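Structure record follows, encoded as structure tokens.
The values are calculated or read from the model by the stated rules, or taken from the named source; none is laboratory data. Keep in mind it's a predicted model, so treat the numbers as computed, not measured. Cβ placement follows ideal geometry from the backbone for every residue including glycine, while neighbour counts extend to all protein chains displayed.
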Amino acid sequence: MQALDNFCRGSRANLAEFATHPRFTVHEIDLADEGPVTELVGRLHSQVPIDEVWHLAANSDIPAGIADPNVDLRDTFLTTFNVVNAMKVTGIPKILFASTSAIYGDLGATVLQEDVGPLFPISSYGAMKLASEGVISAAVESSLQQALIFRFPNVIGVPATHGVLLDFARKLRKDPMRLEVLGNGTQQKGYLHVSDLVDAMLHLRNSVTRKLDVFNIGAVDEGVSVRTIAEEMVALAAPQARLEFGTSSKGWVGDVPRFRYSVQKLLDTGWRPAMGSHLAMKRAMAEVAAQEGLL
Ligand SMILES: NC(=O)c1ccc[n+]([C@@H]2O[C@H](COP(=O)([O-])OP(=O)(O)OC[C@H]3O[C@@H](n4cnc5c(N)ncnc54)[C@H](O)[C@@H]3O)[C@@H](O)[C@H]2O)c1
């Protein structure tokens, strides 16, 4: 197995568990640079044929992409464009792609099923993921044998590189007496533990035979409010901390504070998450607090 990452947001330490595995190699490369990507993928494929690519690299910092859309152009879109192009040049047949609920934009009370539309994303991250889905779809017509697109909203667990739990944990480590919450705390989202996400993706990879397919992957409940997460994180890691909420119903520009996410298509394949949003949150909270040295 070959892992390609430039470690702009991830780290080698996150891969330490696999570092000594004889069939696992890490290559430090910027996937936004077309020539080197095509060259490396071609070379690796000629050494040991590559059957499939799991394309997970992206900008995971949505506010960073709002501040400077070039971040998403490069890290969210060009990474996909170049990976797909390298697969075409090299003849690798199958891609599994980490997309996002952000491609739906803010559709209010509309139930977000995979076939809802038209789609108007409200963050450059969502826009570049939607464009990435388009590039993959076009490549299925011309070269790829199979593409599975997974759209997930909020994944939690460790190693954490971003997200609400890491934000809270780092703020409390800096100042155990106060916790600033982005938004007024009423944002409510479903949360999926990373162990369930991996399980769902492998299940789909092993069972779906259609040439091009897309699945929402997420929790099967109404989710957890940001206020609940903040209160439980404080109770766990810094009981003296005072909560300071913002005034907006959104956490940041491009945030979708509430949405109705349908995972019925996934459930119809026979898969169910082991944990609901609240249990996943509890488990990940302890994991992230430990990662950040708070416990
Ligand atoms: N975590 C979530 O809640 C969530 C939700 C929806 C979708 N996703 C998607 O899942 C995937 C994984 O997300 P994550 O939460 O593990 O984020 P992450 O930031 O931990 O992982 C993304 C990785 O991509 C790498 N990367 C970024 N730009 C690169 C570039 N130009 N060249 C090479 N490597 C590059 C980063 O260094 C990082 O290791 C991403 O595609 C993300 O958009 C995540």
Practice prompt. Provide a single number: the residues in segment 1-49 that are of a type outside the set (Gly, Ala, Ser) and over 19 Å from Asp72 (Cα atoms).
Written response: 27
Worksheet item: Taking only pairs six or more apart or across chains, which ones have beta-carbon atoms under 8 Å, a first residue in segment 272-295 that is among the hydroxyl-bearing types (Ser, Thr, Tyr), and a second residue that is surrounded by fewer than 20 Cβ atoms within 10 Å (Cβ to Cβ)?
Response: Ser277/Asp221; Ser277/Glu222
Worksheet, complete the sentence: Counting only helices (runs of 4 or more DSSP H) entirely within segment 49-157, those with at least 1 residues that are assigned by TED's automatic domain parsing to the domain that holds Ser249 and among the acidic types (Asp, Glu) are none
Worksheet, complete the sentence: Taking segment 175-207 and keeping residues more than 16 Å from the ligand (Cβ to nearest atom), within 24 Å of Asp51 (Cα to Cα) and surrounded by fewer than 15 Cβ atoms within 10 Å (Cβ to Cβ) leaves Asn206, Ser207
Worksheet item: What number of residues in segment 46-60 are buried (at least 18 other Cβ atoms within 10 Å of the Cβ) and not small (Gly, Ala, Ser)?
Response: 4
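Restricting attention to segment 19-48, and to residues there that are assigned to a helix (DSSP H, G or I) and touching a residue at least 12 places away in the same chain (Cβ under 8 Å), which single residue is nearest to the ligand (Cβ to nearest atom)?
Initially, segment 19-48 is screened for residues assigned to a helix (DSSP H, G or I), giving 34-47.
Still in the running and touching a residue at least 12 places away in the same chain (Cβ under 8 Å): 34, 37-38, 40-42, 44-45.
On the way: Glu34: 11, Val37: 9, Thr38: 14, Leu40: 11, Val41: 13, Gly42: 17, Leu44: 15, His45: 18 Å.
Residue satisfying both the conditions and the ranking: Val37.
Which of the residues that make up segment 135-151 are more than 13 Å from the ligand (Cβ to nearest atom) and closer than 23 Å to Leu197 by Cα?
First, pick out the residues of segment 135-151 that are more than 13 Å from the ligand (Cβ to nearest atom): 135, 137-148.
The answer is Ser137, Gln146, Ala147, Leu148.
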Item to complete: Please work out if Gly190 is on the phi > 0 side of the Ramachandran plot and touching a Ser or Thr at 6+ places or on another chain (Cβ under 8 Å).
Response: no
Discussion item. I'm checking my understanding of the structure. Among residues of segment 152-164 that are buried (at least 19 other Cβ atoms within 10 Å of the Cβ) and among the aliphatic types (A, V, I, L, M), which one is nearest to the ligand (Cβ to nearest atom)?
Written reply: Val155
Practice prompt. May I ask you to list the residues in segment 156-180 that are of a type in the set (Val, Ile, Thr) and over 20 Å from Asp106 (Cβ atoms)?
Written response: Ile156, Val158, Thr161
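Could you check, for segment 82-95, whether at least one of its residues is within 17 Å of the chain's Cα centre (by Cα) and not aromatic (Phe, Trp, Tyr)?
yes
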Item to complete: Go through the residues of segment 93-111 one by one and say whether even a single one is without any contact (Cβ under 8 Å) to a residue 60 or more places away in the chain, surrounded by 17 or more Cβ atoms within 10 Å (Cβ to Cβ), within 13 Å of the ligand (Cβ to nearest atom) and among the aromatic types (Phe, Trp, Tyr).
Response: yes
Item to complete: Output the residue which, of all residues in segment 259-277 that are surrounded by fewer than 17 Cβ atoms within 10 Å (Cβ to Cβ) and outside any loop (DSSP other than H, G, I, E, B), is modelled with the lowest pLDDT.
Response: Arg260
Discussion item. Being surrounded by fewer than 22 Cβ atoms within 10 Å (Cβ to Cβ), in a strand (DSSP E or B), touching a helix residue (DSSP H, G or I) at 6+ places or on another chain (Cβ under 9 Å) and not polar (S, T, N, Q) is the requirement here; does Val214 meet it?
Written reply: yes
Worksheet entry | Filter result for Glu244 (in a helix (DSSP H, G or I) and among the charged types (D, E, K, R)) | no
Worksheet entry | Failed condition for Asp167, given (1) away from the ligand (no atom under 16 Å from the Cβ); (2) within 30 Å of Met285 (Cα to Cα); (3) of a type outside the set (Ser, Thr, Tyr) | (1)
